[in-house]
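A quick write-up on the structure given underneath.
Derivation of every value follows stated rules applied to the coordinates shown; laboratory data play no part. As the structure is a prediction and not an experimental result, all values here were calculated from the model. For neighbour counting, all protein chains shown are included, and Cβ atoms are generated from backbone atoms with ideal geometry for every residue, glycine included.
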Amino acid sequence: MAEWEFPAAKTHSLKTSLPPATTGRQAPHTPMKLFYSFTRILRAMDENTIIKSVVDGDVNQFEQLVTRYNIGLIIHCERFTRDRQTAEDIAQEACITAFTRLGQFDADKSRFSTWLYKIATNKAIDYLRAQKRVLPSEDIDSIAETAAPDYAAQEERRHVRDAVANLQPPNHRQVVEAYYWHGKSYQQIADDMSVPINTVRTWLRRAKAQLRSDLS
């Protein structure tokens with residue numbers, strides 16, 4: 001797939017390999033859900049800031065949004081086209097369209113990811129019609145309604161886990177993984193790490209502050 005660029009923006013290619021599947025235990029504890037809710041709010045605030053910057057003229061900022069969603073968007077389009085190269089092209093077109101229409105995006109009505117995936121869905125359907133290919137309507141409805149949120153959430157979780165993996169010092173990463181990933185209590189973490197429980201609270205508070213900074 002050829003590289004492309006936004007008007008007055010630096011070149012960025014959507015073509016990329018898929019990330020490896022996430023391994024390891026993920027306990028379905030409430031802390032994990034709360035943590036992702038916390039990071040989701042930060043990411044939405046971050047996206048709105050980026051969008052405002054692009055609309056105000058800093059067009060290079062849009063690349064951050066492309067990087068955030070390109071993998072999931074390609075996978076989403078491929079479910080329609082059944083062809084990776086075509087899916088990459090449609091995903092690229094969707095991003096360009098989103099860029100040119102960014103001033104029309106209303107954060108009060110939807111999340112940016114939902115809006116972007118809808119653009120991609122419409123372009124994929126238009127492609128199938130142009131090729132005189134038929135996809136059962138129930139398949140179209142299923143892909144359009146369920147795939148986009150799932151892939152967007154996967155991208156979101158991947159970014160969060162990358163941010164956690166980069167936490168410094170290492171004990172900040174360890175307490176986040178222990179508390180949110182494995183659902184351990186403060187006391188259990190304190191026992192495992194041989195530190196006072198108040199130290200665990202301090203590390204976790206600092207780790208969340210660092211994540212707030214890194215994800216915003």
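Packing, as the average of other Cβ atoms within 10 Å across residues, places the peptides 116-123, 196-203 in the order 116-123, 196-203, highest first. The distance between label points at ASN166 and ASP46 comes to 0.8 nm (points 7 Å beyond Cα on the Cα→Cβ vector).
Using alpha-carbon positions, what is the distance between the centroids of the stretch 95-131 and the stretch 172-216, in Å? Spelled out, the Cα-based centre of one part sits 39 Å from the other. Stretched out straight at 0.36 nm per residue, the stretch from LYS132 to ASN198 would grow longer than its current Cα-Cα span by 17.3 nm. Sorted on the mean count of surrounding Cβ atoms within 10 Å across their residues, most packed first, peptides 93-100, 184-191 read 93-100, 184-191. Projecting label points 7 angstrom from Cα along Cα→Cβ for ARG158 and GLN104 puts them 2.8 nm apart.
Cβ crowding within 10 Å, taken as a proxy for footprinting-reagent exposure, orders HIS159, HIS172 from fewest neighbours to most as HIS159, HIS172. Diffusion coefficient of the stretch 166-216 by Stokes-Einstein, Kirkwood radius over Cα pairs, 10 °C, 1.306 mPa s: 147 µm²/s. Note on LYS118/SER213: beta-carbon distance plugged into 1/(1 + (r/R0)^6) with R0 of 35 Å gives a FRET efficiency of 0.65.
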